[in-house]
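Just so it is clear, none of the values below were taken in a lab; they were calculated from the coordinates. Predicted model, so just to flag it, every value in this text is computed and none were measured. Glycine also receives a Cβ, built like all others from the backbone with ideal geometry; neighbour counts cover every protein chain displayed.
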Amino acid sequence: MNICEGLSRTAQWLPDQVAVVFQDRRWTYAKIDALSQAAAHHLQQAGLARGDRVALMLPNAPCFIVWYYAVLRLGAIAVSVSTRLAATEVRYTVSDCQARAIITDPASLESLREHLPSELTTRVSTSLTGADANGQPLVADTDQPTSWVDAEPDEAALILYTSGTTGFAKGATLSHNNVRTNVCAFNHLCGMQAHDRLLLAVPLFHCFGQNALLNSAFNVGATLVLQEKFDLNETKHLIAEQQVTQLYGVPMMFQLLLDSCQPADLATVNYCFSAAAKLPIQIAHSWQEKFGLPIHEGYGLTETSPFASYNHRLRFVPGSIGTPIDGVEMKIVDTTTGEDCAPGELGEIAIRGPNVMLGYWNRPEESAAALRDGWFLSGDIGRQDEDGFFYLVDRVKDMISIGGMKVFPAEVERLLQDHPGIAEVAVVGVPDPIFGEQVVACVVATASTTADQQLQASISQYAHKHLGHYKLPRQILLMDELPRNPSGKILKTQLRELVLARATPADTANPSPAANVRPPSLQELLANCHAAERLRVTTRFLQQLVQEISPGEALLDPHTRLMAAGLDSLMLVDLSTQLGVELGQPVSATLVFDYPAIADLAEYLVQQFYPSASESSSPTHLEAPPDLRTEIANMSAAEVLEELQKEVE
């Protein structure tokens, strides 16, 4: 048994079928299979063998698919590393699993060079299309074996890291059989067939994208329409142009599509599926009303490969996570006694079946705590009705879900606690209408700390350096003390209530960690600025906002597409939300998708919110000064803010 059979056997049956569409190019199953054979040969020549861990830090592109199946073909273990992690987080991941090799893109390899452990001797650099370490196309040798290692069903195949309640990520280890049975369940329940065309815009490093979409689609010979990142307007274009039939995503994606699309935009879609976070019932109802399609919801965790239950096509129950998938059992157990709960009673969701992981890599104690008598304790609170349908109610685990990405407060707390200005810190999640939740850090400062704004700015910079963007605190609140019970334990529920009570409209909408320490808002700057200078000021201000969201050594060229510069969909929604705060009026969450470069966005904002037709000196069409890029290319954020202040004084 081997997961790569899903690719190789389909390539034998349907060699000319299009497997992947990416950036106006097409790869057939025969081509992908040949490339994976060549890549496996490359790894084999580097000394990698069965059981070795190989880290894959790759974007959504054909290169991920080629090297992923190459690793599995050898019987090695593919370790998915999020492309959204900071360098220190990547080092922890590859060290924890004792990876022997890492495969990534040239830019990431260069930025990680000083952070990777010396034991990681094999470092492969690849292009988006899957070129080898020397930049040469991978060419399959006719003498290379076309078979794969025949692994045992319970042999480790994948390690996917999940945030941990102790502050350290844990590697959920999945077997070939875990994935194989989950893939068959997806094929059956979601009705995947060879003629289907599936949009794949969720990350391939995530269990959802990897097993629910990549492995499942390849198992039946369907076509994957692959996006490097979710881009709202590109997604709409791809759905129509590529005649996507099945639409998979996370709640945030469906919310943005709901706001932006008309029924004609989704005319070819006949099936929708949401996972990775609980789908708000309001989105489900509005989607059904507008498009005439239900959004089917699946439930599961990385530890369950991930599919555990499904809200079926045959009987769709709004608000439910459905019933267990093929071969899987679920029940509700008392969180204290472990006894089975009666229908309607709240308890912890427990799962048993061939989808349940082998355990956490090299963590026997944590594995034993999560796996009891064959049952995996999910950490989620739910209930079961009289008809056997399950409902997700709350969480036992102190976890925050941001646009489908999971964050454990302990991980953020452990990092922030090392900041010299912090005596104590507690992290909670608060509701957010687009992302689902956002991270808030409540800080008790050390006695030597005096300037609140300086401390907040310093904490923000420290967090940006050591945490992936989606984990960053969107608010940093200074408190005299944290609420505790008599035994000294921090009361997170009470703390969350305090945070919500203290929040102002600007706080709850503001995704910037350092928002309350920034100089005058864009609204204030433009109100005191001559019309001829408004475009220049707006452009510079946007560059500063982008740098806060995605720190870099220099400010971004205003004509570069934000996504091409490395920002993802979560960051673009952050930017849209922040603009609403700066302008003092609501801004659509989809705004930055419509104006994908700073120059485009600046021109729109000036014309839309500060029209200057009444001022005769104003040009009819605003363009960025030709020397702007040269002038600010190497300016620091502080220098830009200083220049902004001068221009409006």
Taking amide H positions as placed 1.01 Å from N in the peptide plane, with prolines and chain starts having none, which residues 5 or more places from HIS296, or on another chain, fall under 5 Å of its amide H? CYS272, PHE273, SER274
Among the listed pairs LYS31/LYS471; LYS465/LYS492; LYS31/LYS406; LYS236/LYS278; LYS229/LYS278; LYS278/LYS492, give every one whose C-alpha distance is greater than 31 Å. LYS31/LYS471; LYS31/LYS406
Near the amide H of THR446, under 5 Å away, which other amide H atoms are found, from residues 5 or more places off or on another chain, if H is placed in the peptide plane? ILE422, ALA423
Quick one: Debye curve from the alpha-carbon atoms of the stretch 173-330 only, equal weights, vacuum; give me log10 I(q)/I(0) at q = 0.10 Å⁻¹ to two decimals. -0.32
Computed ³J(HN,Hα) along the stretch 19-34: with the Karplus parameters 6.51/-1.76/1.60, θ = phi - 60°, integer Hz and x for glycine or proline, the list is 8, 9, 10, 8, 6, 6, 10, 10, 10, 7, 4, 4, 5, 4, 5, 5
Considering all alpha-carbon pairs of the stretch 318-364, what whole percent are spaced by more than 11 angstrom? 74
Taking the square root of 5λ for each eigenvalue of the C-alpha gyration tensor of the stretch 254-369, the equivalent ellipsoid has semi-axes, largest first and in whole angstrom, of 32, 17, 13
Would you mind calculating the relative contact order of the stretch 271-386 from Cα pairs under 8 angstrom and at least 6 residues apart, reporting the percent as a whole number? 19
Protection proxy ranking of 280-290, 245-255, 580-590 - average other beta-carbon atoms within 10 Å, highest first: 245-255, 580-590, 280-290
Starting from the amide H of ILE77, placed 1.01 Å from N in the peptide plane, find each other amide H under 5 Å away whose residue is 5 or more places distant or on another chain. GLY51, ASP52, ARG53, VAL54
What is the stretch 404-474's relative contact order, in percent, from Cα pairs under 8 angstrom and six or more apart in sequence? 32
All alpha-carbon distances of the stretch 182-225, grouped into 5 Å bins from 0, give the whole-percent distribution 6, 28, 36, 24, 7, 0
Mean Cβ neighbour count within 10 Å, used as a protection proxy, ranking 148-154, 537-543 highest first: 537-543, 148-154
Given that compact globular proteins tend to follow 2.2 N^0.38 Å, what is the ratio of the alpha-carbon Rg of the stretch 189-260 to that value? 1.04
Quick one: if the Förster radius is 41 Å, what FRET efficiency do ASP340 and LEU293 give, using the C-beta to C-beta distance and rounding to 0.05? 0.70
Tally Lys/Arg at +1 and Asp/Glu at -1 over every other residue whose Cβ is under 12 Å from the Cβ of ALA156; what's the total? -2
Among GLN384, ALA370, ILE321, whose Cα sits farthest toward the positive end of the charge dipole of the stretch 284-415 (+1 at Cβ of Lys/Arg, -1 at Cβ of Asp/Glu, about the Cα centre)? ILE321
State the Kirkwood hydrodynamic radius of the stretch 1-87 in Å, one decimal place, computed from all pairs of distinct Cα atoms. 13.5
